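One structure is given below, encoded as structure tokens.
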Amino acid sequence: MQHLKLITITLLALLGVIIILQNTEPVETKLLFLSITMPRAFLLMGTTLIGFVLGLLVSFFFKRKGQPQKSPL
């Protein structure tokens with residue numbers, strides 16, 4: 001089972017790197033009042049990292065919420 005997880009994670013990471021490297025043309029991104037021109041690869045990498053960090057934060061939040069609370073005594 002561990003080997004299957006490792007293979008799946010490796011394949012997904014490789015697929016993500018291939019997608020990012022193939023999308024290098026510049027795109028204009030609007031963020032509130034700013035307009036930024038950057039390569040699409042940076043935009044994809046940034047949104048992937050933001051999603052990863054949010055997933056970790058939500059995971060830690062629900063993991064702590066489900067743990068029994070310690071007695072103050």
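Decide, for the stretch 2-52, between rounded, prolate and oblate: order the square roots of the alpha carbon gyration tensor eigenvalues as a ≥ b ≥ c, take rounded if a/c falls under 1.5, and otherwise choose prolate if a/b is larger than b/c, else oblate.
Cα axes put the stretch 2-52 in the oblate bin.
What does the charge dipole of the chain about its Cα centre add up to, to the nearest 20 debye, if the Cβ of each Lys and Arg holds +1 and the Cβ of each Asp and Glu holds -1?
520
Bear in mind these aren't lab numbers, they're just calculated from the coordinates by the rules spelled out. What you are looking at is a predicted structure, and each value in this text was computed from that prediction instead of being measured. Neighbour counts run over all protein chains shown; Cβ positions are idealised from the backbone, glycine included.
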